[in-house]
Structure formats: C-alpha cells, structure tokens
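Participant: Dropping a structure here in structure tokens format, bear with me for questions.
Bear in mind that the values in this text are calculations on the coordinates, not laboratory data. This one's a predicted model, so the numbers in the text were calculated from it and none came from an experiment. Positions of Cβ are backbone-derived with ideal geometry, glycine not excepted, and every protein chain shown enters the neighbour counts.
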Amino acid sequence: MRNVLKAATLESKFPLLAVEHDCILSKDADITVAYKVELPELFTVTSAEYEAIHSAWLKAIKVLPNYCIVHKQDWFMEERYTPDIQKDEMSFLSRSFERHFNERPFLNHTCYLFLTKTTKERSRSQSNFNALTRGFIIPKEIQDKDTAVKFLESCEQFERIINDSGFVSITRMGNDEIVGTQSQAGIIEKYFSLSQEETTCLQDMELSPGEMKVGDKYLCLHTLSDAEDLPGRIGTDMRYEKLSTDRSDCRLSFASPVGLLLSCDHIYNQYLFIEDSAENLRKFEKSARNMQSLSRYSRGNQINKEWIDQYLNEAHSFGLTSIRSHFNVMAWSDDVEELKHIRNDVGSQLALMECKPRHNTVDAATLYWAGMPGNGGDFPAEESFYTFIEPALCFFTEETNYRSSPSPFGIKMADRVSGKPLHVDISDLPMKKGIITNRNKFILGPSGSGKSFFTNHMCRQYYEQGTHIVLVDTGNSYQGLCNLINRKTNGLDGVYFTYTEENPISFNPFFTDDNVFDIEKRESIKTLILTLWKRDNEPPSRAEEVALSNAVSQYIEKLKTNKQLEPSFNTFYEFVRDDYKKVLEEKKVREKDFDIANFLNVLEPYYRGGEYDFLLNSDKQLDLLSKRFIVFEIDAIKDHKILFPVVTIIIMEVFINKMRRLKGIRKQLIVEEAWKALSSPNMAEYLKYMCAPVKAA
C-alpha cells in the first residue's frame, strides 16, 4: 500500500550531527560556535557609544575568514512577574509593593550569537536545496583540518575584540547549554519549542507555505531581504521621540522598533554572510558590463548599471567589504485573531524604521529551519541582498531590558517600558564602577512631578536597610512615613520636629545618652550660643570667643562630675550667671573683653520664663545620635529670624555628630525644597561642605 502521508520525522530531517568541544557540527560539516550576548541596558547608551559599539562589531567581524555566517538571534518573550514575599524580614510596605506588581507582564530579552564556518557552495544554496529537501553530502573544503583550526582561532579573536569594547560582552556556551541536560533545556530544544523556559516539551511542527505552526503557536514572518525594502538613510542610532525634548535627545539603536519596543513574543534574526569580497566585486564588474551592453534595449538596464557602479565606487573608494545580509522578525501567538494584530504591529514597527514590511509566506518554513542554532548554512541565498558590513550592522539591536543590580544594597524601582520591579543600586555600584565620585543626589522636577513621592519611597527602603536619615522637610511630606516608623518601633525611632502654637519646636542640645562631648559637639553648642547672642553683621571678638568657649567647656565638665545636674539651656544660663561670673571676676576679665551682663541679658528670652524658653529646654531626653529617622519640618519657621537659624544649627550638629561617631554606618541627609534651606548662609556653607566630591587617595 502506498504511503500517502506527507509527514516526516524530525530525526530524518534534523541537520545537526553532534555537539563536541563546545561546537555545533552539522551533517554538512558546518562548524558553529555559540555565544550568550549581554547588551547595554535600554536608554543608557549615548549616540557616541552606539558608534563605539558599531565599531567594535565591525572590527570583530573583519577577523573572520571568508564564507562565515554571523547570526545574531534576539529572543523577546513575554513573561509575568512573580513576587518574592516569603522573606520574614520584609516590611508591610515592601510586601505590598511586591504584591502590587504580581503577574505584571513584561518582555524578557535573551540574545545569542552564532558564528558558522561553511563553504562557498553551501553559502549560495537556495531554498529548494536545503536540509528539508535533500540528503547530506560533506563538502570537500571542510575536510581540511586547518580550516577548522583557523576558524576557531578567529572566533577567539572575535570574542576578545567584543569584550574589550566595554559595552557588549559575549560568553561562549558549552555543550550542556547547547544541548541541555536532564533538568535543563538547551538552546536547540528551546528553539524547537519557541520557549525560554528551563524545561520544555518538543511539539509537532507544521511547515507549510500557507500556515506554519509549532505546537499550538501560529507563526508569522516579516523579512528584510531586498535592498529595495530598506530606507534611503540609516544610522547606528535613532531619536526616541517619546522621551526626547527640544533640548535633549533620547537615543535608541536603529533596529529598536523591532526589539524591545515590539510588545509581543518574537525573535529578531540578523544574518551577515561573509564571502570573498574581491570575487563579489569582480562579479558586479561583469554584471555592469552586461548591463551597459544591453542598456540600448532597456532603460532599466542602464539604471541598474548606474546602481552597480555606485556600489563598486563605494567599495573601492573606502575599502569596504562586500557581504550579503538578511533580517527577519518571527512572531507568534496561539490565537489566530491575535496573530492578525501581531502581524500588523510588526509591519508598523518596520515602517517606523522606514522599511517596507514584507510578510513572507513562501520561504517561512525554510527561514525558520535556517534559524536553528548551528544551521545557518541552510539559509536560502535568494533571501539575502548585497551590502557592506557597516550599513548591515546598523540593523543590529544594541540594547536589552533593564537588569537588577547585583549589589545587595539598593531600592526597588520599575522598568519605564513594562513597569516590572527592579532592584537598583544608585549609590554603591556606580561608585565602584567609577561612574560617580560621591553619592550625592539631586532630585529636580516641576511641581507635582513626584519628587516627594520618590524620596518617600527611597527613604523608606534606605531606612529598612539600616541607614540613618536626617530629613529637612517643608510641607509635611514625610509625616506619614515618620509616624509609621514611630509606631513600628514603639516610639523608639521616628522623631518629628515641627512648630505649632500648641506644641512648639524644642530641642536640648546639651543632652547626650553616653555623656560624650567631642570637639564637634562642643563647637556646635558654641556656634548655637553665638548665633543667639550676636547678629549676622556683628562678629564676636577673639576675647568673647575664648570666654564663651571656656564657659561651655567648664559647664560640660560640671555635667560630667555632677550627675544630678540636668543638662539644658536653663542650667547653662544659671552656671554662667552664678559660677562662671565668679571665675571672670577672679581672673579680672574686663567688661570690654567680655560683657557678661550683656551676654545674660541677650540670652534671657531663652531662659526659664522667657519668650523662647521652650526652644532649648526640651524635657524629652532625646539623643538624636541613636535615632535613625529624624524629620525637621521647617515650613512654619523658615522666615523666622530667631527660630530658623537655631534649627539650622541643630540640624548641622545632628548630622555632623552622626558622621564623626557612627563609623561604617550609612548616613543620609535630605533637604526638601533645598532653595529655602540655602537662604541661610550657615546652611548654605554646610551643604557646600557636605556635597564636596570625594578626593582620590
């Protein structure tokens, strides 16, 4: 009985013979080396850097021998975010953040590079003479041992050039990554199932011109296989209008519309066929002569002759290498109706590149088969077009999606394209890489753009990672976060200083938990009292500074010896009025050198019963050195001539004390609405000092 079935087994048509020594060997003796490619992140590459990446690819490809195939394969697979909420130390807000993004769809990018050494005859085979339609005959050329050795040496040079560029890194894949293991699928198995999952299941394939299916997935294929389909001008990068302004450009690679900007499951294949350039040019010379001789019979022949002349002039004038290239986008869906929308989306994205979208149905099965890792030699030659290496490389996608930072410290942010959460380190990792010289941050944006929202988000996560935060606020933007921390720690942390008539702002700069008064603490107390005593345009004399410094030092010594003495401005005032006055009289200090009566009179409003007796006599025994989240809300006092300078000095003293005494602990000073704080000369100089860049050792 005659067999009428048209089905064939995959084994009978399978073009690969073996994977040995990290190389793929086809049944036609083609040798392929596979690489995993790491590209720069989206929106992080400038126009000059795109030029540098393009140059690195160009240098690397030029070291490959003739009759090599460079096949770059970019996978874009839609996945869904799975939150990790099982950690015991996660806070309520962290767990809520993760839950909010549960099942969030995003496009995951994986990039492979295959370098294949084939033969002259194989590189020119057409779609009617590939592994799907014929047997396997080993070419004579590939039997030479030196051919394989030279090819592997050139691959090593290729790898070194790309990795030395600093932008793109490639890693050679081993046998297990190519063919897989018992628990993990290899790239060949993933290709036949159109999946990037660790475990896959091979499915039936229907490779017919009208409809192509892999399992339940319907495929559509758009190709760029004719020079007439290409735009008149191309470049290494293009302007991304959505994130660009009149004054700044956001750049993406020229082929980005069919990369991450195409939001569906798809594979973008890029082929470069390295042939004998001199032979190609001789063939074009002969073709040009034939066109010239036939030009009297057809104007089309004359025009074609002019185009060939232009191609030859470019090649000889600039020493360009003649190659063939091909690009295609393979997209799929398990829903026929959705596939129609995907087909339109792919066509529109190609149109954004000013390319003519061509939906290929005739050679779809052949192109799918040639896209198999290691089977580039089966590519149909009629689907490629002649060009040079430089313009062909412009069609390479040169960016990948955002990656989480490997640093353990950082904050959770979201991918601006898909909204997927990412762990981002904007402090330590850039410092380690030499991108920045200090960890200062400047958050700039118009009203309502989300500055305070982001700062709340950042402060909360920094606090949960052990950071000491001192925050200068205007407008109660951080009161909710401070109250949350205060309740969570049962009042042990989360200190909020603000001014109201019922509960005026108050401090006690003389109190410390450990009774330690270092030089910074003494200087801050001295500066605070000078600010209350003298006006900005009234500098103290040297004698007054010495007298005040002695008064502060003797008062601190008395605090250390007399445990019953309550540290506050009241007791300091009484000490100067009673004890220190006697000391000055014994030393016979003249009134013009230090007028103690004037000193006590000026500071009397801050003493018990005075107008501002609440300011420096807080009954809350708070040592801010041990508090990890402190907010100074200064909106109500920013224009007050007395309260604002005092609060400014307290803020400076608190953070300087933390800097000097808390070694090895991360500290953060945040100034909300910084321009208001900068209106104080003392605060302006302090911020200038704090923001000074770190000098290299």
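Participant: Run the reach check for Lys627 against lysines, Cα to Cα strictly under 20 Å, same-chain hits fewer than 8 apart removed. What comes back?
Facilitator: The qualifying lysines are Lys488, Lys521, Lys658, Lys663, Lys667.
Participant: Scanning the chain for GluC sites (Glu not before Pro) in DSSP loops with at most 15 other Cβ atoms within 10 Å, what's the longest stretch left with none? Mind showing how you got there, number by number?
Facilitator: Details: sites that count: Glu89, Glu103, Glu197, Glu198, Glu211, Glu354, Glu501, Glu502, Glu591, Glu611.
With a cap of 15 other Cβ atoms within 10 Å, the longest stretch comes to 355-500.
Participant: Still on this structure, I have one more. Have a look at Pro406, Ser154, Ser549 and report the one farthest towards the positive end of the charge dipole of the chain, computed about the Cα centre with Cβ charges (Lys/Arg +1, Asp/Glu -1).
Facilitator: Sorting the options by dipole projection puts first Ser549.
Participant: Same structure again: Which of the listed residues, Gln302, Tyr689, Val70, is farthest toward the dipole's positive end in the chain, when Lys, Arg count +1 and Asp, Glu count -1 at the beta-carbon?
Facilitator: Positive-most Cα among the choices belongs to Tyr689.
Participant: Can I ask one more? Students often check this: by mean Cβ neighbours within 10 Å, which of 229-237, 62-70 ranks highest, and how do the rest follow?
Facilitator: 62-70, 229-237
Participant: While we're on this one: How many nm is it between the label spots at Asn108 and Lys27, if each spot is 7 Å from the Cα in line with the beta carbon?
Facilitator: 3.3
Participant: In what sequence do Val346, Val214 fall when counting other Cβ within 10 Å, fewest first?
Facilitator: Values: Val346 24, Val214 20.
Going from least to most buried by this count: Val214, Val346.
Participant: Let me ask you something else. Which whole-Hz couplings ³J(HN,Hα) result when phi for each residue of the stretch 416-428 is put into the Karplus expression 6.51 cos²θ - 1.76 cosθ + 1.60, θ = phi - 60°, listed in order with x for Gly and Pro?
Facilitator: So the J values, rounded to whole Hz, are 6, 8, 10, x, 6, x, 9, 8, 10, 9, 9, 10, 7.
Participant: Would you mind calculating the gained length between Arg542 and Leu202 on full extension (0.36 nm times residue separation, minus the Cα-Cα distance), in nm to one decimal?
Facilitator: Details: separation 340, 0.36 × 340 = 122.40 nm, distance 8.81 nm.
Working it through step by step, the gained length comes to 113.6 nm.
Participant: Arranged from highest to lowest average of other beta-carbon atoms within 10 Å per residue, in what order do the peptides 318-329, 638-649 appear? Each step should come with its number before you reach the end.
Facilitator: Numbers: 318-329: 20.2, 638-649: 17.9.
Ranked by mean Cβ neighbours within 10 Å, highest first: 318-329, 638-649.
Participant: Which whole number in µm²/s is D for the stretch 260-328 by Stokes-Einstein, with the Kirkwood Rh taken over Cα pairs at 20 °C and 1.002 mPa s? Walk me through the intermediate numbers first.
Facilitator: Details: Rh = 14.3 Å.
D = 150 µm²/s.
Participant: Quick one, what does Rg over Rh come out to for the chain if you take C-alpha atoms and the Kirkwood Rh?
Facilitator: Values: Rg = 36.6 Å, Rh = 31.2 Å.
That ratio is 1.17, to two decimals.
Participant: Further question: Can you tell me the FRET efficiency between Gln184 and Arg247 if r is taken as the Cβ-Cβ distance and R0 is 41 Å, rounded to the nearest 0.05? Don't jump to the answer; show the numbers that get you there.
Facilitator: On the way: r = 49 Å, r/R0 = 1.19.
The pair Gln184/Arg247 has a calculated efficiency of 0.25.
Participant: Extent of the stretch 564-628 along each principal axis, from alpha carbon coordinates, in Å, largest to smallest?
Facilitator: 46, 25, 22
Participant: With each run of n ≥ 4 DSSP H residues scored as -39500 (n - 2.57), what mean residue ellipticity at 222 nm is computed for the chain after dividing by its residue count and rounding to the nearest 500 deg cm²/dmol?
Facilitator: Details: 23 runs with 251 residues, N = 697.
That calculation yields -11000 deg cm²/dmol at 222 nm.
Participant: If you wrap the stretch 227-354's Cα atoms in a convex hull and average its projection over all directions, what's the area in nm²? Write down the numbers at each step before the final one.
Facilitator: Working: hull surface 47.0 nm².
Computing the convex hull of the Cα atoms and averaging its projections yields 11.8 nm².
Participant: What spacing in nm lies between the two simple spin-label points modelled at Lys87 and Ser626, each 7 Å away from Cα in the Cβ direction?
Facilitator: That separation, rounded to one decimal, is 2.8 nm.
Participant: Based on C-alpha coordinates, I'd like the Rg and Dmax of the stretch 457-569, in Å.
Facilitator: 18.1, 50
Participant: Further question on the same structure: For each of Thr46, Thr455, count neighbouring Cβ atoms within 10 Å of the residue's Cβ, then give the residues from fewest to most. Intermediate results must be reported in sequence, preceding the final value.
Facilitator: Numbers: Thr46 12, Thr455 19.
Sorted ascending by nearby Cβ count, the order is Thr46, Thr455.
Participant: Which lysines, on any chain, are close to Lys213 with Cα under 19 Å apart, when same-chain ones fewer than 8 places away are left out?
Facilitator: Within reach: Lys6, Lys13, Lys190, Lys340.
Participant: Here's a follow-up. Work from the charge dipole of the stretch 370-463 (Cβ charges, +1 for Lys and Arg, -1 for Asp and Glu, about the Cα centre) and give the residue of Thr397, Met458, Gly434 farthest towards its positive end.
Facilitator: So the residue furthest toward the plus end is Met458.
Participant: Let me know the whole percent of all Cα-Cα pairs from the stretch 507-636 that are separated by more than 27 Å. Please report the intermediate quantities before stating the final value.
Facilitator: Numbers: 1622 of 8385 pairs.
Taking all Cα-Cα pairs of the stretch 507-636, the fraction more than 27 Å apart is 19 percent.
Participant: Evaluated at 37 °C with a viscosity of 0.692 mPa s, what Stokes-Einstein diffusion coefficient in µm²/s does the stretch 209-253 have when Rh comes from the Kirkwood expression over alpha-carbon pairs?
Facilitator: Diffusion coefficient, whole number: 227 µm²/s.
Participant: With r as the distance between the Cβ atoms of Glu520 and Lys592 and R0 = 22 Å, compute the FRET efficiency 1/(1 + (r/R0)^6) and round to 0.05. Mind showing how you got there, number by number?
Facilitator: Details: r = 31 Å, r/R0 = 1.42.
Approximately 0.10, to the nearest 0.05.
Participant: Mean shadow of the stretch 184-231, computed from the convex hull of its alpha carbons, in nm²?
Facilitator: Numbers: hull surface 19.3 nm².
It is 4.8 nm².
Participant: Give me His468, His457 sorted ascending by neighbouring Cβ count inside 10 Å, so fewest comes first.
Facilitator: His457, His468
Participant: Reachable lysines from Lys592, Cα under 23 Å, same-chain residues fewer than 8 places away excluded?
Facilitator: Lys526, Lys534, Lys581, Lys582
Participant: Further question on the same structure: Lys412 to Thr361: extension gain in nm, 0.36 nm per residue of separation minus the Cα-Cα distance? Could the numbers behind the result be given before it?
Facilitator: Numbers: separation 51, 0.36 × 51 = 18.36 nm, distance 4.45 nm.
Taking 0.36 nm per residue and subtracting the Cα distance, the gain is 13.9 nm.
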